[in-house]
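All of the numbers you see were taken from the coordinates with simple rules; none came from a lab. What you see is a predicted model; the values in this text were computed from it and never measured. With ideal geometry, Cβ positions are generated from the backbone for all residues, glycine too; neighbour counts draw on all protein chains shown.
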Amino acid sequence: MWSHIPVWVFAILLGLIAIGLRQTRTRVVKPTVLVSVAAGLLVYSAWGVTSAFGMQWAPLLAWAVGLSAALVGLMRWVAPQGLVRQGRAVQVPGSWLPMALLLSIFLAKFALGMAHGLGASFAHATWFVLLASAVFGLLSGSFAARAWAVRRFARG
C-alpha cells in the first residue's frame with residue numbers, strides 16, 4: 001500500500017513540517033503576509049472539497065459552516081497571546097498550533113485521498129462528504145481566524 005503513494009506526498013509533508021517548525025519560534029511578521037497565507041489555504045481547501053466531491057452545494061455549504069465556526073468560535077482561542085507591535089509588523093510568539101493545523105490539514109487530505117484510492121464505500125456517503133468538507137473548512141478557517149486576530153491587533 002505505501003509503495004503506491006507518490007514520493008511528492010512525502011516531500012510536501014517534509015515541507016509542511018519545516019514550515020511548522022519555523023512557526024514555533026518568535027518572529028516578526030507583516031499581518032498582510034499571514035492574511036495572504038490564510039487566503040491561500042482557504043482557496044486550496046475549497047478546491048480540495050470541489051475536486052473530491054464535485055461542485056455541489058452540500059459539500060460547499062458544509063465547508064462554509066466549518067469555516068464560519070472557525071472564524072466565529074476560534075478567533076479568540078487561536079489568537080496568539082503576547083503580540084507586540086513593531087511598526088507595521090507584529091512580533092508573534094512561537095506556537096505549535098500552526099504545526100498542528102498544517103499536519104491536520106495534510107492528514108485529512110491524505111486520509112481522503114486514501115479512502116478514494118482504496119475505493120472505500122463510505123468515501124461517497126453523504127455523512128462522510130459533509131463531515132470531511134466541514135473539517136476542511138474548520139481547519140483552514142482556523143488559520144484565517146489566527147491571521148485575522150493578528151491583523152486586528154496590528155490595526156489597534
Answer residue from the range 34-57, given it is buried (at least 16 other Cβ atoms within 10 Å of the Cβ) and of a type in the set (V, I, T) and is farthest from Q91 (Cα to Cα) among those: V49
Complete set of residues in the range 5-24 that are closer than 18 Å to A108 by Cα, touching a residue at least 12 places away in the same chain (Cβ under 8 Å) and not hydrophobic (A, V, I, L, M, F, W, C): G20
Of the criteria (1) under 18 Å from L21 (Cα atoms); (2) part of a loop (DSSP other than H, G, I, E, B); (3) of a type outside the set (V, I, T), which one Q81 fails: (1)
Top-ranked residue in the range 104-125 [being surrounded by 17 or more Cβ atoms within 10 Å (Cβ to Cβ) and closer than 15 Å to G15 by Cα; ranked as nearest to the chain's Cα centre (by Cα)]: I105
Search result, residues across the range 19-33 that are of a type in the set (A, V, I, L, M) and loosely packed, with under 14 Cβ neighbours inside 10 Å: I19, L21, V28, V33
Qualifying position, being free of Cβ contacts under 8 Å to residues at least 60 places away in the same chain, basic (K, R) and farther than 17 Å from S45 by Cβ, among R152, R76: R152
Any chance T32 is within 24 Å of A154 (Cα to Cα) and hydroxyl-bearing (S, T, Y): yes
